[in-house]
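Asker: Please read through the structure below; I'll follow up with questions.
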Amino acid sequence: MFAILTILAALISGMFVLTVASSVSLMQRENEDIKSMAHRRELF
């Protein structure tokens, strides 16, 4: 019983870490897109 709960806790925490990492990388990508759009606007 304790082993099953430990495995479940490890899976949940692993999925949480993956979710946070993917959201951080998505935010960085959007930030780069915003910077490139601002740069293009400065050119015009």
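The values are calculated or read from the model by the stated rules, or taken from the named source; none is laboratory data. What you see is a predicted model, and the numbers here were worked out from it, not measured in a lab. Using ideal geometry, Cβ is built from the backbone for each residue, glycine included, and neighbour counts are taken over all protein chains shown.
Asker: Can we say ALA9 is of a type in the set (Gly, Ala, Ser) and either at pLDDT below 95 or in contact with a Pro (Cβ under 9 Å, 6 or more places away or on another chain) (or both)?
Answerer: On the way: of a type in the set (Gly, Ala, Ser): yes; either at pLDDT below 95 or in contact with a Pro (Cβ under 9 Å, 6 or more places away or on another chain) (or both): no.
No: the conditions fail for ALA9.
A quick yes/no check of all residues on (1) surrounded by 10 or more Cβ atoms within 10 Å (Cβ to Cβ); (2) of a type in the set (Gly, Ala, Ser):
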residue: ALA3; (1), (2): no, yes
residue: MET15; (1), (2): yes, no
residue: ALA21; (1), (2): yes, yes
residue: HIS39; (1), (2): no, no
residue: LEU43; (1), (2): no, no
